[in-house]
Amino acid sequence: MSALDGKVAVITGASRGIGRAVAVKLGEAGAHVVRLARTLGTGGGPGPVEIEHALDIACDITDAADLLRAAERVRESAGTPDILVSNAGGFLLKPFLQTSADDFRAQIEVNLVGAFGVLKTFLPMMSDRGGHVVTIGSVADHVPFPGNAAYSASKFGLRGLHEVLRAEYAGSGLRMTLISPGPTDTALWDPIGPDRRDDLPNRSAMLTPEDVADAVLYAVTRSSRAVVDLIRLSAG
Ligand SMILES: NC(=O)c1ccc[n+]([C@@H]2O[C@H](COP(=O)([O-])OP(=O)(O)OC[C@H]3O[C@@H](n4cnc5c(N)ncnc54)[C@H](OP(=O)(O)O)[C@@H]3O)[C@@H](O)[C@H]2O)c1
């Protein structure tokens, strides 16, 4: 018997990087995994990962109709989610004066409004019988880094959203965890090229997606008495 046997886990942004590693980890622990991303389930995206019980659904989290369609498919094909990992997001590294209003809006749109939409869509299904919501924040949700104005604003906002929901749902059986990783070696860094820059850690010194997935697994496998509110993860 595995820790998550019989549980349904929905993971957004699971086509690559941290979300994909979380899907694999929760799948290995026995969960029926549902992966959401724009390039999944369309035939044109990355191939399936080796997860025994997995369902891939194409979904843009900034599109409310897409989210509703995805929730309906989850309900029909897998049932009510026990675990929701809100992970999908983007990244921007630009000095403030070079950050356009469109740049700023785009970060808020996916990292904050998108995450809000995910919660609005799935919480009503989950709140009746309880479950676990894990939000992937960032070290930039509590530490200011130069060049991070738009991204950090979105992630500070996401931390605020998490804190309020944690207060609203305290004692309800719906548990909320915020996991805030430091730099993690994923494709998110490809356009930035940290190994060519002195002001950023080398990719080999970063966390791996599996490190973050381990933290998610830890949070969702505690006893029902223990709530893990917050995990701040950095490479040692
Ligand atoms: N890498 C880091 O250093 C780091 C550190 C701290 C926190 N984080 C956070 O961790 C999360 C995952 O980042 P990552 O490093 O794994 O990045 P990544 O490799 O670029 O993956 C991002 C994922 O989000 C999905 N996504 C993006 N926009 C979406 C949208 N509108 N609708 C649905 N899915 C969308 C992408 O899938 P599609 O393109 O297929 O839609 C992809 O699966 C993000 O929230 C990021 O802020 C990352």
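Per-structure values
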{"item": "Within the range 222-236, tally of residues that are among the hydrophobic types (A, V, I, L, M, F, W, C) and in contact with a helix residue (DSSP H, G or I) (Cβ under 8 Å, 6 or more places away or on another chain)", "result": "4"}
{"item": "Filtered residues of the range 146-164 (kept if among the small types (Gly, Ala, Ser) and over 11 Å from Asn111 (Cα atoms))", "result": "Gly147, Ala149, Gly160"}
{"item": "Residue ID - surrounded by the fewest Cβ atoms within 10 Å (Cβ to Cβ), chosen from residues in the range 153-178 that are assigned to a strand (DSSP E or B) and away from the ligand (no atom under 15 Å from the Cβ)", "result": "Leu174"}
{"item": "Members of the range 99-114 that are within 11 Å of the ligand (Cβ to nearest atom) and either assigned to a strand (DSSP E or B) or of a type in the set (S, T, N, Q) (or both)", "result": "Gln107, Asn111"}
{"item": "Residues located in the range 103-162, provided they are over 21 Å from Ala65 (Cα atoms) and charged (D, E, K, R)", "result": "Asp103, Asp128, Arg129, Asp141, Lys155, Arg159"}
{"item": "Failed criterion for Ala150 (all others in (1) without any contact (Cβ under 8 Å) to a residue 60 or more places away in the chain; (2) near the ligand (Cβ under 10 Å from one of its atoms); (3) aliphatic (A, V, I, L, M) hold)", "result": "(2)"}
{"item": "Which listed residue, of Ser180, Ser127, Ser224, is modelled with pLDDT under 95 and in contact with a strand residue (DSSP E or B) (Cβ under 6 Å, 6 or more places away or on another chain)", "result": "Ser127"}
{"item": "Close pairs (6 angstrom Cβ cut-off, 6 or more residues apart or separate chains): farther than 18 Å from Thr177 by Cα and charged (D, E, K, R) in the range 202-227, more than 12 Å from the ligand (Cβ to nearest atom) and part of a helix (DSSP H, G or I) anywhere", "result": "Arg203/Asp195"}
{"item": "Selection within the range 111-137 - surrounded by 20 or more Cβ atoms within 10 Å (Cβ to Cβ) and among the β-branched types (Val, Ile, Thr)", "result": "Val118, Thr121, Val133, Val134, Thr135, Ile136"}
{"item": "Selection from the range 179-213 of residues that are among the β-branched types (Val, Ile, Thr) and either surrounded by 19 or more Cβ atoms within 10 Å (Cβ to Cβ) or more than 12 Å from the ligand (Cβ to nearest atom) (or both)", "result": "Ile179, Thr184, Thr186, Val212"}
{"item": "Number of the condition not met by Val212 [criteria: (1) closer than 22 Å to Met125 by Cα; (2) in contact with a strand residue (DSSP E or B) (Cβ under 6 Å, 6 or more places away or on another chain); (3) of a type outside the set (Gly, Ala, Ser)]", "result": "(1)"}
{"item": "Counted residues, the range 179-209 - those being farther than 22 Å from His142 by Cα, in a loop (DSSP other than H, G, I, E, B) and acidic (Asp, Glu)", "result": "2"}
{"item": "Subset of the range 115-141 [out of contact with any Lys or Arg (no Cβ under 7 Å at 6 or more places or on another chain) and assigned to a loop (DSSP other than H, G, I, E, B)]", "result": "Asp128, Arg129, Gly130"}
{"item": "The listed residue being under 30 Å from Arg105 (Cβ atoms) and at pLDDT 95 or above, out of Ala187, Ala219, Ala205", "result": "Ala187"}
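The values are calculated or read from the model by the stated rules, or taken from the named source; none is laboratory data. Everything quoted here is computed from the prediction, not taken from an experiment. Counting neighbours? That spans all protein chains shown, and the Cβs are built from the backbone with ideal geometry, glycine included.
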